Amino acid sequence: MTEVAAAPDAGAQRRVQVLRDARRRDSETKRGHVRKTVESMLLAEDAITFASVARRAQVSTWLVYADGVREHIEAAIRQQADQPNQPENHDRVSTASLRTDLVLARAEIKRLRTDNEKLRHNAQRLLGQQLDQVNVADLVARVDALAHENRQLASERQQASSENAALRSRVTELDEDVAAARTALRRMIREHSTDIGDPYR
């Protein structure tokens, strides 16, 4: 009895492990592709933002914010920012790019929430339909796999929410910087006009 029960349990664990290994390999492949995309954009001197990298690499927004990928993109952004002869509209472009990132982040959060709800619904439906059709080991393996997917989606949603908040803060900062720069420019123009009007000052 004990040996018969152990066999399907081991088989179920192997199937779960195969799925996890496949997901890990797929994630590593996508991360490598994102890093190569960033390098090619640097060489081409294309403007690098999280949104532009996600579009060029054709990956989801949450992936470019994932640990190990986010740092690579941030380093590339800093590298471009440190380059001389940046265009005068850099702040305006940066603000527009951040707003695009914010829109994409909101869309990604919405998608993750929808996927999470679908996963919960499918889990409940499958458990209800197949409870009497599968053995205990397969059921446990399926529950573990679904729970793992649910945790991952919850983590991705939390990460996307955090990045969303950071983007909001950055957009506000850039808006304030642009407003201050415009005010200073108007003041300089007025002072210059006054100097021209009174040559003996």
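The values are calculated or read from the model by the stated rules, or taken from the named source; none is laboratory data. Keep in mind that this is a model prediction, so the values were computed, not measured. No Cβ is skipped: glycine too gets one built from the backbone with ideal geometry, and neighbour counts run over all protein chains shown.
Which of (1) in contact (Cβ under 8 Å) with a residue 24 or more places away in the chain; (2) over 24 Å from N164 (Cα atoms) is the odd one out, the single condition I73 does not satisfy?
(2)
Between A154, A179, A147, which is part of a helix (DSSP H, G or I), more than 24 Å from D21 (Cα to Cα) and of a type in the set (A, V, I, L, M)?
The unique qualifying residue is A179.
Yes or no: T114 among the hydroxyl-bearing types (S, T, Y), at pLDDT below 80 and either part of a helix (DSSP H, G or I) or in contact with a helix residue (DSSP H, G or I) (Cβ under 7 Å, 6 or more places away or on another chain) (or both)?
Taking the combined requirement at face value, the residue does not satisfy it.
Go through the range 52-70 residue by residue and tally those that are among the basic types (K, R) and closer than 15 Å to A166 by Cα.
Total meeting the criteria: 1.
Of the residues A165, A96, A107, only one is modelled with pLDDT under 70, within 21 Å of S60 (Cα to Cα) and out of contact with any strand residue (DSSP E or B) (no Cβ under 7 Å at 6 or more places or on another chain); which?
Selected residue: A96, the only one of A165, A96, A107 that is modelled with pLDDT under 70, within 21 Å of S60 (Cα to Cα) and out of contact with any strand residue (DSSP E or B) (no Cβ under 7 Å at 6 or more places or on another chain).
Among what's in the range 18-51 and is in contact with an Asp or Glu (Cβ under 7 Å, 6 or more places away or on another chain) and either touching a residue at least 60 places away in the same chain (Cβ under 8 Å) or part of a helix (DSSP H, G or I) (or both), pick the residue that is surrounded by the fewest Cβ atoms within 10 Å (Cβ to Cβ).
A51
Pick from R201, R125: which is modelled with pLDDT under 80, basic (K, R), touching an Asp or Glu at 6+ places or on another chain (Cβ under 7 Å) and loosely packed, with under 11 Cβ neighbours inside 10 Å?
Selected residue: R201, the only one of R201, R125 that is modelled with pLDDT under 80, basic (K, R), touching an Asp or Glu at 6+ places or on another chain (Cβ under 7 Å) and loosely packed, with under 11 Cβ neighbours inside 10 Å.
Can you run down the residue pairs with Cβ atoms below 6 Å, 6 or more apart or on separate chains, where the first is in the range 155-178 and among the small types (G, A, S) and the partner is at pLDDT below 80?
Every condition considered, the pairs that remain are A160/A105; A160/E108.
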